Amino acid sequence: MVNYAYLDHNATTTPRPETVRAMTSVLGRVGNPSSVHGPGREARKLMEQARTNVAALVNASAADVIFTSGGTEANNLALTGCGRQRRLVSAVEHPSVLKGGGETLSVDGNGIVDLDRLDQLLLADNDPALVSVMLANNETGVIEPIKDVVAIAHRHGALVHCDAIQAAGKIPVDIVTLGVDMMSLSAHKIGGPSGVGALIVPGMGDGTGAKLNGQLFGGGQERGFRVGTENLPGIAGFGAAAAAALASLQDFARLASLRDAIEKGIKDIEPQATVIGEDVIRLPNTVCLSMPGTDSQTQVMAFDLAGVGVSAGSACSSGKAKASGVLKAMGVCDDIAGSAVRVSLGWCSTESDVDTFLEAWRELYFRRSAREISSPAA
């Protein structure tokens, strides 16, 4: 849309030019990466270059990357393929993790996982466990203490899966430094195409990593961990986006100033406005804020009419007339949780987008205030 301020990049971000070029080039080719003839070998070469690029984004080895149909499948593969029946997952995980079942790890008022509770649960039961905690929350942007999670889990012989889908390409992510046993990524969160993701298992290439069982039956693609002919255009686009995101990682940090401008602008209009997680380290692009008295879905629709795209929590849970499960897990009161929206900036966001949002927020806020004045409570 012309002059539309799209601020829902955590749902899906604008495809990068590099992505479009890579996918367009591949769409004009023929060749199955599993074929041994010339076109097949060329297709395989393109796919392996993409694998190298995706691995480099998080300082992984290309041999440890398994391509999937997206972040949801990557999360599912980690949870169901690791062979661990006992699972401990944080209360603020993406639905693709939470719905996999398991014991829930509580979080504090900022959304930070309770490390003491994790230690207690692992100490109380010796069954081999999988712990799944995301690196950065998709709704609040709050960053979890993954290295501490790993230290506790490994002390008790548990594996750690980390959903890094919202963090990769926005902040430096080093899978070696974090020490996790599995990590999920998704292309469309970094400027790549929808429908492609990856599960990275450090040490899988040389046989020293966590053991994983494929969940599909078919050919031997992706070494049997994710069978089926690979989505070559999508994978090529993923690789191009990963390379571009890594090269421009420092530029992404500029979004922190735009995020701060949004928060300051809102507080200038209404000093009592609530910014969720503002006291802890967050992604540079994410703001979760509340306009008490106006429910989330009403705000989303009003902003859309004003030419601004935001969301009410996770896009994977949109259309549900209930408060965010993430905010409820954080203990946020119903009034604030039910009137919270997420504003998420992307690699192409501008100051103009911020100005447009703030003007729309101001107009909606004062329209609501005018209604309250003209219709006082009896």
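A short reminder: the numbers here are calculations on the coordinates, not readings from a lab. Since we're looking at a predicted model, the values are computed, not measured. So basically every Cβ, Gly included, is an ideal-geometry build from the backbone, and we count neighbours across all protein chains shown.
Which entry in (1) 173; (2) 138; (3) 223 matches volume of the Cα convex hull per residue in Å³ derived from the coordinates of this structure?
Of the listed options (1) 173; (2) 138; (3) 223, (2) comes from this structure.
As I understand it, the value is the acute angle between the Cα axis of helix 38-57 and the longest principal axis of the Cα atoms of the chain; what does it come to in degrees, rounded to 10?
Approximately 50 degrees, to the nearest ten.
Subtracting the Cα-Cα distance from 0.36 nm times the residue separation, let me have the gained length for LYS328 to ALA56 in nm, one decimal.
94.3 nm
Pulled fully out, how much extra length does the chain show between ASN213 and ALA124, if you take 0.36 nm times their separation in residues and subtract their Cα-Cα distance?
29.3 nm
So what is the calculated 222 nm ellipticity per residue for the chain, using -39500 (n - 2.57) for each DSSP H run with n of 4 or more, over all residues, to the nearest 500 deg cm²/dmol?
-11500 deg cm²/dmol
Cross-link partners among aspartates and glutamates for LYS328, C-alpha distance below 14 Å, same-chain residues fewer than 8 apart left out?
Partners found: GLU93, ASP108, GLU139.
Restricting to the chain, compute how many DSSP beta bridges are antiparallel as a %, nearest 5.
That works out to approximately 55 percent antiparallel.
Filter the GluC sites (Glu not before Pro) in the stretch 1-106 to those in DSSP coil with at most 14 other Cβ atoms within 10 Å of their Cβ, and list the result.
none
For the chain, what does the relative contact order come out to in percent, with C-alpha contacts under 8 Å and a separation of six or more?
Relative contact order of the chain: 23 percent.
What is the Cα centroid distance between the stretch 237-272 and the stretch 325-361, reported in whole angstrom?
13 Å
Once you have the Cα-Cα distance between PHE366 and SER25, take 0.36 nm times their residue separation minus that, and quote the gain in nm to one decimal.
The span from PHE366 to SER25 would gain 117.8 nm if fully extended.
On a 0 to 90 degree scale, rounded to 10, what angle separates helix 296-305 from the longest Cα axis of the chain?
In the chain, helix 296-305 runs at an angle near 90 degrees to the longest axis.
Taking 7 Å along the Cα-to-C-beta vector as the label spot, tell me the GLN250-ARG41 distance in nanometres, rounded to one decimal.
For GLN250 paired with ARG41, the spin-label model returns 4.0 nm.
Past 32 Å, Cα to Cα: identify those pairs from LYS45/LYS99; LYS147/LYS267; LYS189/LYS267; LYS99/LYS170; LYS45/LYS147; LYS99/LYS264, in the order given.
LYS45/LYS99; LYS147/LYS267; LYS45/LYS147; LYS99/LYS264
If you place +1 on the Cβ of every Lys and Arg and -1 on the Cβ of every Asp and Glu, how big does the dipole about the Cα centre of the chain come out, in debye to the nearest 20?
For the chain, the charge dipole is close to 1060 debye.
What percent antiparallel are the DSSP beta bridges of the stretch 41-170, to the nearest 5?
15 percent
Using Cα atoms only, what is the angle between the long axis of helix 71-81 and the major principal axis of the chain, expressed in degrees (0 to 90) to the nearest 10?
On a 0 to 90 degree scale, this one is about 60.
Which percent of Cα pairs goes in each bin when the distances of the stretch 98-176 are cut into 5 angstrom slices starting at zero?
That works out to 3, 14, 27, 25, 18, 10, 3, 0, in percent per bin.
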